[in-house]
Amino acid sequence: MVKGDFRGNGIADEAVIGYDASGIVLAIGVRSKTEQIQYIKFGVSGTAQQAVCAIPVTLSVVPLSCEADGGGKLPGCVSSPHASGLAISDNECDPTIEAREIR
C-alpha cells in the first residue's frame with residue numbers, strides 16, 4: 001500500500017495493487033465510511049494501452065504531471081500543488097502512470 005494525495009485536495013489517500021485472473025486491479029481511496037474506493041483494471045500484454053507487460057508489479061507515488069506526450073493536457077487530470085500520481089512498474093515495459101483525477 002502507498003499513500004499520497006491522489007485527488008489533489010490536501011487529504012491523504014491510499015492505493016494498493018491486487019491480482020485477478022485477467023491481470024491487476026488498482027484500488028484507490030481513503031479509509032472513510034463516506035468515500036468510495038475506485039477500482040481500475042489493467043491487463044497483462046506487451047501491446048495493449050491499459051496494460052502491464054508482466055506480473056508481479058510494484059506501485060509507487062510520483063509527482064503528478066498533467067502533460068501528455070506530444071503536448072497538451074491529459075483528460076481529467078487536475079493540476080494541484082498537493083496532487084500525487086501513481087506509477088505501476090513491471091521492470092519490463094515503461095511504467096504505467098495514473099495521473100487523472102480520482103473521485
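Report whether or not residue 84 is of a type outside the set (A, V, I, L, M, F, W, C) and touching a Ser or Thr at 6+ places or on another chain (Cβ under 9 Å). Write out each step before concluding.
Numbers: of a type outside the set (A, V, I, L, M, F, W, C): yes; touching a Ser or Thr at 6+ places or on another chain (Cβ under 9 Å): no.
Spelling it out, it is not the case that residue 84 is of a type outside the set (A, V, I, L, M, F, W, C) and touching a Ser or Thr at 6+ places or on another chain (Cβ under 9 Å).
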Exercise. Would a scan of the stretch 30-41 turn up a residue that is at pLDDT 85 or above, more than 18 Å from residue 87 (Cβ to Cβ), of a type in the set (Val, Ile, Thr) and touching a strand residue (DSSP E or B) at 6+ places or on another chain (Cβ under 6 Å)?
Worked result: yes
Exercise. Picking from 71, 43, 76, which residue would you name as being in a strand (DSSP E or B) and out of contact with any helix residue (DSSP H, G or I) (no Cβ under 6 Å at 6 or more places or on another chain)?
Worked result: 43
Exercise. Looking at the stretch 5-17, is at least one residue surrounded by 12 or more Cβ atoms within 10 Å (Cβ to Cβ), at positive phi and part of a strand (DSSP E or B)?
Worked result: no
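The values are calculated or read from the model by the stated rules, or taken from the named source; none is laboratory data. All figures in this text were calculated on a predicted structure; none of them were measured in a lab. Glycine gets a Cβ as well: all are built from the backbone with ideal geometry, and neighbour counts include every protein chain shown.
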